[in-house]
Amino acid sequence: MGMMVSDIIVHPVDPGIFSIDSQIIENVTFATGGDALNVAVNLARLGVDVGIAGVIGDDAAGNNILSSLKSIGVNCENVGISGKYQTSTCVVLCEKSGERHFLYYGKSNDELNESMIPDEVLSQIKILNIGSAMALKSLDGDGLAELFRRAKKYGVTTTFDATHDSSGKWIEKVEKAFEFTDIFIPSYDEAKMITGYEKPEEMTRFMKKYNLKIFGVKLGAQGCYITDFKDSQIIPAFYCDEIVDTTGAGDSFMAGFICGYLKGYGYVDCAKLGNAVANYCIRHFGATGYLPDYESLEKFAFSGKN
């Protein structure tokens, strides 16, 4: 549940683009995107039975998103259609190095709220993942806490990832939900802003009071830090000889982690699967450009090669 976006990825863009009149580029890629959508697509490609809840516009971009999701087997019954706004759109300016910058229009995503997943749905699922916490105006705060509270009544494992909080409130938007959260794995920058600490071990001490089962920090090229509050490890990233586009790498990690969790793996092996999916992601344009079948991914993840 979370952001559903139509992505326009432009590559390569010179970092000084705003100081020059024009630039000839090599690639323009039109793709689906958004944190929750990226996770759903990757999970479906890994053979997981997955549905998505979000809001799109009644337009060509929204129709394309629905068509793409349905074609790979993602259940879209809980996707809402905005009667007021266009489908959320992100222009991704991708540097030659793979670093990217976003121009984001998100008014349809702002309409997403906790009532869009009724108890009838919660009673049928194993995991509820929120892909875009702190950037969902009608869900963050009390809405997220209430949704997770309802989910826990049915024994649902609750997990979420965060994104940049442009309002600067950070922990204020998610703290109430922590009481009902099992797994929380933000990126390093987000974890630093939420906890107020710079080292993963310090972040862990801060988060321990919320009684999560698993806490992690995505560390980009360094891999990830993961803990069950008893033991902790840094799981190194897999080697990548050519980084094409880092868009969606964090979402790919979450998809791999969730897939492993559903298969009964321990949190360390789940993180290895997450790193493996992220590795495939950054080798291609777009957030969901390519994934092998699950058996091939598993072999790669547990090959012992980084």
Scanning region 266-306 for residues that are in contact with a Leu (Cβ under 7 Å, 6 or more places away or on another chain) and hydroxyl-bearing (S, T, Y), the one farthest from V244 (Cα to Cα) turns out to be Y294
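Considering each residue of region 115-133, count those that are surrounded by 22 or more Cβ atoms within 10 Å (Cβ to Cβ) and either more than 21 Å from A61 (Cα to Cα) or at pLDDT 95 or above (or both), and give that number. Before you say what the answer is, go through the steps one by one.
Initially, region 115-133 is screened for residues surrounded by 22 or more Cβ atoms within 10 Å (Cβ to Cβ), giving 128-133.
Filter again for either more than 21 Å from A61 (Cα to Cα) or at pLDDT 95 or above (or both), leaving 128-130, 133.
Number of matching residues: 4.
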Out of region 58-79, which residues are within 23 Å of Y280 (Cα to Cα) and either under 15 Å from the mean Cα position of the chain (by Cα) or hydroxyl-bearing (S, T, Y) (or both)? S68, S71
Matching option when the condition is surrounded by fewer than 21 Cβ atoms within 10 Å (Cβ to Cβ), touching a residue at least 60 places away in the same chain (Cβ under 8 Å) and small (G, A, S), among S97, S82: S97
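If you scan region 122-137, which residues turn out to be touching a residue at least 60 places away in the same chain (Cβ under 8 Å), among the aliphatic types (A, V, I, L, M) and closer than 15 Å to T157 by Cβ?
Those that are touching a residue at least 60 places away in the same chain (Cβ under 8 Å), among the aliphatic types (A, V, I, L, M) and closer than 15 Å to T157 by Cβ: I125, I127, L128, I130.
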So which of V55, V92, V41 is modelled with pLDDT of 95 or more, within 16 Å of I282 (Cα to Cα), of a type outside the set (D, E) and buried (at least 22 other Cβ atoms within 10 Å of the Cβ)? V41
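Table: residues versus (1) closer than 20 Å to D35 by Cβ; (2) modelled with pLDDT of 95 or more; (3) not small (G, A, S).
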| site | (1), (2), (3) |
| --- | --- |
| I194 | yes, yes, yes |
| R205 | no, yes, yes |
| Y210 | no, yes, yes |
| L219 | yes, yes, yes |
| S232 | no, yes, no |
Answer yes or no as to whether E190 is under 19 Å from D35 (Cα atoms), in contact (Cβ under 8 Å) with a residue 12 or more places away in the chain and not aromatic (F, W, Y). yes
Qualifying residue in region 287-302 (condition: of a type in the set (A, V, I, L, M), in a helix (DSSP H, G or I) and over 22 Å from E190 (Cβ atoms)): yes
Which residue is farthest from G260 (Cα to Cα), if the candidates are limited to region 1-48 and must be without any contact (Cβ under 8 Å) to a residue 24 or more places away in the chain and touching a strand residue (DSSP E or B) at 6+ places or on another chain (Cβ under 8 Å)? I25
Having 1 or more residues that are touching a Lys or Arg at 6+ places or on another chain (Cβ under 7 Å) and among the β-branched types (V, I, T) is the bar; report the strands (runs of 3 or more DSSP E) wholly within region 67-173 that clear it. 89-94, 157-162
Selection status of A271, of a type outside the set (D, E), crowded, with 18+ Cβ neighbours inside 10 Å and over 23 Å from I125 (Cα atoms): no
Regarding region 196-212, can at least one residue be identified that is of a type in the set (F, W, Y) and within 15 Å of the chain's Cα centre (by Cα)? no
Taking the criterion of being modelled with pLDDT of 95 or more, within 18 Å of the chain's Cα centre (by Cα), within 20 Å of K192 (Cα to Cα) and of a type in the set (G, A, S), would at least one residue in region 273-286 satisfy it? no
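The values are calculated or read from the model by the stated rules, or taken from the named source; none is laboratory data. Predicted, not measured: the structure shown is a model, and the values here were computed from it. Don't worry about glycine lacking a Cβ; one is built from the backbone with ideal geometry, like all the others, and counts go over all protein chains shown.
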